[in-house]
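Q: Below is the structure I would like to discuss, written out as structure tokens.
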Amino acid sequence: MEASAKARGTGIAKRSPEYVAKKMEEGKAVIAVLPDGTWVGFCYIEVWGHEEFVANSGLIVSPEYRKSGTAKRIKQTIFNLSRERYPNAKIFGLTTGLAVMKINSDLGYEPVTYSELTDDEEFWAGCKSCVNYDILMSKERKNCMCTAMLYDPADHYEPKETSEEFKKNSKIYERFMKIKHGRLAGLFRKKENGGGGIKPKSLFQIFFNL
């Protein structure tokens with residue numbers, strides 16, 4: 001997972017092998033394999049805020065099986081498992097990738113502000129291993145390079161609606177993500193150098209939590 005994140009140039013909330021192994025033992029993981037036992041991919045469930053929130057974390061697909069639909073199948077399976085085990089929990093994710101945003105949209109997730117995510121300190125402590133942690137803290141945990149997405153079982157659109165919305169606005173999302181990353185990185189550099197911050201436009205706030 002760490003090597004994959006480095007290759008993509010993105011951050012990761014790094015967990016110990018023991019932590020990930022425990023998720024498997026508890027039945028809170030999905031492992032994709034071929035009939036001959038070849039490992040293909042993986043994802044696991046994390047529970048936060050006294051089971052109020054669930055995160056589907058650590059999605060990884062073996063390089064030779066990427067762009068084959070495997071990631072989508074793993075995400076669908078771990079999503080179904082999360083709904084089965086924690087039917088009342090809000091399922092959320094943080095991602096810097098447009099491809100993962102699309103998969104999430106196909107499942108019924110919607111972009112939200114960070115304030116709608118868990119306030120569990122243990123969850124946010126996991127971001128300390130991310131290369132963007134300083135940016136997260138400089139924004140008082142209200143924003144970072146990742147886009148927050150949420151599925152609320154008590155109040156959500158149908159997957160078809162969120163998927164069509166994403167498809168309709170995918171080019172806009174891609175453009176705003178680039179602008180967001182540029183602005184946040186620039187803001188952080190200015191703060192490091194003792195300069196003033198940048199006040200983002202309201203349109204960015206609506207779509208990407210700036």
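Q: Just to check I understand the Karplus step: with θ = phi - 60° and J = 6.51 cos²θ - 1.76 cosθ + 1.60, what whole-Hz values come out for segment 96-103, glycine and proline as x?
A: After applying 6.51 cos²θ - 1.76 cosθ + 1.60, I find 9, x, 5, 5, 5, 4, 5, 4 Hz.
Q: Rolling a 1.4 angstrom probe over the protein heavy atoms, how many square angstrom per residue are accessible across segment 1-106?
A: In whole numbers, segment 1-106 has 55 Å² accessible per residue.
Q: Which of the GluC sites (Glu not before Pro) found in segment 17-64 are loop residues per DSSP with 12 or fewer other Cβ atoms within 10 Å of their Cβ?
A: Of the GluC sites (Glu not before Pro), the ones in loops of segment 17-64 whose Cβ has at most 12 other Cβ atoms within 10 Å are Glu26, Glu51.
Q: Cut-off 16 Å, label point 7 angstrom out along Cα-to-Cβ of Glu158: give me the residues of segment 106-133 whose amide nitrogen falls inside.
A: Flagged as within label range: 106-109.
Q: Just by accessible area at a 1.4 angstrom probe, what is the order of Tyr44, Tyr19 from largest to smallest?
A: Tyr19, Tyr44
Q: When ranked by the protection proxy of mean other Cβ atoms within 10 Å per residue, highest first, what sequence do the peptides 30-41, 98-109 form?
A: 98-109, 30-41
Q: Hey, what did segment 18-110 get for relative contact order, percent, Cα under 8 Å, at least 6 apart?
A: Normalised by residue count, the contact order of segment 18-110 is 23 percent.
Q: Ignoring ligands, DNA and RNA, please state the percent of accessible area on segment 39-155 from carbon and sulfur, probe 1.4 Å.
A: Here it works out to 49 percent.
Q: Right, next: Two decimals, Cα atoms only, Kirkwood Rh: what is Rg/Rh over segment 1-140?
A: Here Rg/Rh amounts to 0.94.
The values are calculated or read from the model by the stated rules, or taken from the named source; none is laboratory data. Since we're looking at a predicted model, the values are computed, not measured. Positions of Cβ are generated from backbone atoms using ideal geometry, with glycine treated the same way; all protein chains shown enter the neighbour counts. To get the accessible areas, we keep the full protein, side chains included, count just its heavy atoms, and leave off ligands, DNA and RNA. Shrake-Rupley method; radii C 1.70, N 1.55, O 1.52, S 1.80 Å.
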